[in-house]
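What follows is a set of notes on a single structure, which appears directly below.
Read the figures in this text as sums done on the coordinates, not as results from a lab. Being a predicted model, the structure only gives us computed values, none of them experimental. Virtual Cβ from ideal backbone geometry, glycine too; neighbours counted across all protein chains shown.
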Amino acid sequence: MSTFFKSFFKGLYQVIFRPTWTDLVIGTIVIAIMMYLVGGPARGATIEVVPLSGKPFASVITVTGGFGEGDDRAFRAKLASAPQPAIVSFNSPGGLLSVGLDIGERIKERGMPTVVPDLMTCASACAFAWLSGSPRYLGKTGRVGFHGVYEVNREVSRSGNAVLGAYLGRLGMSSSAIIYMTSAPPEQLEWLTKAQAARYSIAFIQDNPAMVSAAKWPDPPSAKPPELSPLHYYLGTGVLAVVNAFQSQQQAIHERDYGPRQ
C-alpha cells in the first residue's frame, strides 16, 4: 500500500476513534453544511388541523415541536384551511423567535383562543405565541416558560428584546410584565405560576376548554419541565448529540486506560 493511502487511513482512524476538539469542530461544521444542502434547514414543528364537534370549536390547530424556518408560513396555510371557530394548541420548547411572533400576530388578528393542555409544555418563542390568544387556556399540569432574547455569545440582544417588547406591548402587557418575561437568561426559564400571572396581569383560564381535551393529541412530554442546557440554545440538539458522543467516548477511553473516575 502506498504511503499516501497509509497516511490517509491513519488520519481517518484518528478522526473517527480518537478525535481532538479541532476534529470535532471541523466535523460539526461539515455535517451542518451537508445537512443544510441535503435536507434544508433544521426540521421544525408539526402543524395539524384536528376537526372537532363545533361546540364551542369546529377545529383545533395543533403546533407540536420546535419552531423552525418556514413554520410561520405553514401555520398560515393551516389557519386558512381550518374550520372556524378554531383554537390553537401548543406543545413546543420554542425555537425561532420570528416564527413565534408571526404565529402570535396571526392569532391576535383573528382573536383566536390558545391553549397549552395538560402535561404539555410551551416555552420560549412558543410562550410568546400562546400569549396572543384571546382567551388563553392553560391545563392544570401544562407549563408555560419565558426567557429573554440573547445572542450566540450569551450577550443580551437589545434589538431582539426591543422587537419582543413592542410585540408584547401590542398584546397589552405592562412594562413590569415585559421585564418579568424577558429577565431569565437563555439557559433558564421563568415558569408562569398563578401568583406571577396575578402579579403581572397575565390573564389565563386554568383549564382545558370543552371538547379540546377530547381531540387526538400527539404524545405528550413528561410533566416535568425540560432541563435545557446552554448548548441546546447555542449549538442545537444535533451538535449537542455530537458533543455528548465525543465526551462519552473520551470517558470510555479514560476508564479503559486508568480505571473509573473517582
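Work out the length of the dipole vector of the range 46-214 about its Cα centre, built from +1 on the beta-carbon of each Lys and Arg and -1 on the beta-carbon of each Asp and Glu, and round it to the nearest 20 debye. The partial results should precede the final answer.
Values: 15 positive and 13 negative charges, 96 e Å.
It works out to roughly 460 debye.
Around Ser134, which amide H atoms from residues at least 5 apart in sequence, or from another chain, sit under 5 Å from its own amide H, with H modelled in the peptide plane?
Result for Ser134 returns Met112, Thr114.
If each residue's Cβ is checked for other Cβ atoms within 10 Å, how do Tyr137, Tyr200 rank with the fewest at the top?
Tyr200, Tyr137
Considering only the range 46-214, what is the antiparallel percent among its DSSP beta bridges, to the nearest 5?
The answer is about 35 percent antiparallel.
Could you work out Rg/(2.2 N^0.38 Å) for the range 55-169, with Rg from alpha carbons only?
1.03
How high is the FRET efficiency from Thr141 to Ala166, r the C-beta distance, R0 30 Å, rounded to 0.05?
Rounded to the nearest 0.05, the efficiency is 0.40.
Rounded to whole Å, give me the distance from the Cα center of the range 85-107 to that of the range 153-179.
Using only Cα atoms to place each centre, the spacing works out to 17 Å.
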